[in-house]
Amino acid sequence: MSTRFSVRLPATLTLAMVLATGAEAQVVRGRITERISGAAIAGVLVTLESNRDSTTTRLVVLSDTRGEFAIRASGPGRYVVTAKRIGVQRHTSAPFALATGETRRVDIALEALAQVLPEVRVADAGMCVRREGQASRVASLWDEARTVLTAAQVSLRDRLFEGQLTRYTRGLDPRNLRVLEESWSDKQGMMDRPFVSLSGDSLSRAGYHRKVGDSEYYYAPDADVLLSRAFFRDHCYDVVEGGRDRRGLVGIAFEPAPARTLPEVRGTIWLDARTFELRLVEFRYTQVDIAEGADRVGGEVHFGRLANGAWVTSRWFIRIPQFAQSMMPVDAYTRTPSILVRPTMHRLVEEGGIVFTRGLKMFDRPASVAGTVLDSAGRPFPGVTVRLGGTPFSIITGEDGRFRLDSLPAGRFTLIAEHPAYTQLGSFVADAPVDFREGVVASAVLRARRTNELVERLCEGKRPSEDNGTLRLLVVDRVSARPLPGLRVWLRWVGRFVGRQPKMMMPSEVGGTETLTDASGTVAFCDVPGDMRLVFSAIRPDGKPAADSIILRIGRNELRAVRVSTIRP
């Protein structure tokens, strides 16, 4: 049963300082210190707002490493300054008048951290809470989370940090989240917003995922959305305690309000149970088409604090489904082609990133991992690149197959081992999820996949019949040498080899299969008869094979990778 209670929402924030000109500028400056020790406090959210008009735009800054702040007001008037330190009651100054061209000093002393959740006065704005007894606690936790989200916006606006951003895209098995493929890129310099969503009002009106024609769009709730009145209004909340990998955290669980019928998000906003700093927001999509892995469609957004008090989106990802059309093979070359199309979830596509910047406190003590890569026979595998998925951390194994990675953040990551011999077969040498804990050296043994495992990955869990083989082709354009995605192709077997010479076959023995190359221009043919004369062709619009057919051969029980070139018909 959902109940509603009221809580005071802040007036609209502006994330661009209003600069007055010349001698008419009105400035409020001051210093934030701790009441007992007198120490400067960095990263306090300081707000200047009109004392008379609650709808007036509020100006927000963060105190620097000396505890100092300065805000330029848009004009003369009566104002108040509020200061919010995470884990400490919000401070509000006495009202004061600010004359034209005046500089007013407002120093603020805040209480020390007491590890007690500050109380928030319940007012009148209408938040849906699932358990009435949790109303006050939900409001207090929301105030702490809102402080970090706003601080992260201000940090980007004021360009308070720079560093390295690693972004990645990977394909995941929807059944177990194993990494199927991954690509990434690095960027150095000033940080920009990691991802930009639609506005909270737009998502409220049209939903968080939607179909437009043959395309499907998914949107993640960024800081702007989480701070919006629309998100506040559209969801119901509850307090949950963290367990297992969320141990030591306290969460604000959110789910669509009962009246919401559009595709929505549900999830949890997790805060440190001791300091009440925001750690991450995890979410899942509602009303996703029923399919294996649909419960994993969603994402996470992690937050970290820098030494200068700034806040940054330190790590994030969003997972969306990629649906494919599985095809039954053509029974025989002499028959009219007939293809059965069956939609299925092909994989999950995960896009994300991680930020590395000076002063970002991602751990008190770094994590490490040490291990060994073995070949499929259990022997040391040298020259293998081992990297931490979604990060710039990597190393090459030595002659003994050993590796070690240090100075790693805590969390759940995937170790990926790569080698050219496996890359051409569309696979990693091996991959394995690893949970990193601060100050702990994790251990890992990565064993290379056997041929039958590689075949199962290529053929969606199916093994070829006895004496048959598997063929993986990279199809490129004959002129540009670029991969040809979405190309309809045909593989036919038209003769049996006796030694090195093909032997003609009866029409009933002739067969083939038709399919499409994937987004990378590759295609796998499974359960192909061994020692056969194979003809590979691109298919013309009239359904006939192109003139530049290619003759291939595969041995019995063989897995073979081949690069072929053709011209798109």
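Residue by residue through region 446-462, note down the ones that are more than 27 Å from Arg404 (Cβ to Cβ), assigned to a loop (DSSP other than H, G, I, E, B) and touching a Ser or Thr at 6+ places or on another chain (Cβ under 9 Å).
The answer is Cys459, Glu460.
Identify all residues within region 158-170 that are of a type outside the set (Asp, Glu) and either at pLDDT 80 or above or assigned to a strand (DSSP E or B) (or both); write none if there are none.
Result: Gly163, Gln164, Leu165, Thr166, Arg167, Tyr168, Thr169, Arg170.
Which numbered condition in (1) outside any strand (DSSP E or B); (2) in contact (Cβ under 8 Å) with a residue 60 or more places away in the chain; (3) closer than 28 Å to Asp222 by Cβ is the only one that Ala112 fails?
Single failed check for Ala112: (3).
Condition test on Ser93, is it closer than 23 Å to Val225 by Cα and either of a type in the set (Lys, Arg) or not assigned by TED's automatic domain parsing to the domain that holds Arg279 (or both)?
It is false that Ser93 is closer than 23 Å to Val225 by Cα and either of a type in the set (Lys, Arg) or not assigned by TED's automatic domain parsing to the domain that holds Arg279 (or both).
Does region 148-173 hold any residues that are more than 15 Å from the chain's Cα centre (by Cα) and within 22 Å of Ser520 (Cβ to Cβ), and which are they?
Asp173, the sole residue that qualifies.
Filter region 136-167 for residues that are closer than 12 Å to Ile252 by Cβ and of a type in the set (Gly, Ala, Ser) and give the result.
Ala139, Ser140, Ala145
Let's see how each residue does on (1) at pLDDT 90 or above; (2) under 18 Å from Asp143 (Cα atoms):
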| site | (1), (2) |
| --- | --- |
| Ile269 | yes, yes |
| Glu277 | yes, yes |
| Gln287 | no, no |
| Glu300 | yes, no |
| Arg319 | yes, no |
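Restrict the check to region 241-248 and report whether at least one residue is surrounded by 17 or more Cβ atoms within 10 Å (Cβ to Cβ), out of contact with any Cys (no Cβ under 7 Å at 6 or more places or on another chain) and part of a strand (DSSP E or B).
No.
Which numbered condition in (1) in contact with an Asp or Glu (Cβ under 8 Å, 6 or more places away or on another chain); (2) crowded, with 17+ Cβ neighbours inside 10 Å; (3) among the acidic types (Asp, Glu) is the only one that Asp431 fails?
Failing condition for Asp431: (1).
The values are calculated or read from the model by the stated rules, or taken from the named source; none is laboratory data. In this text, all values refer to a predicted model and were calculated from it rather than measured experimentally. Note that we place each Cβ from the backbone using ideal geometry, even for glycine, and neighbour counts take in every protein chain shown.
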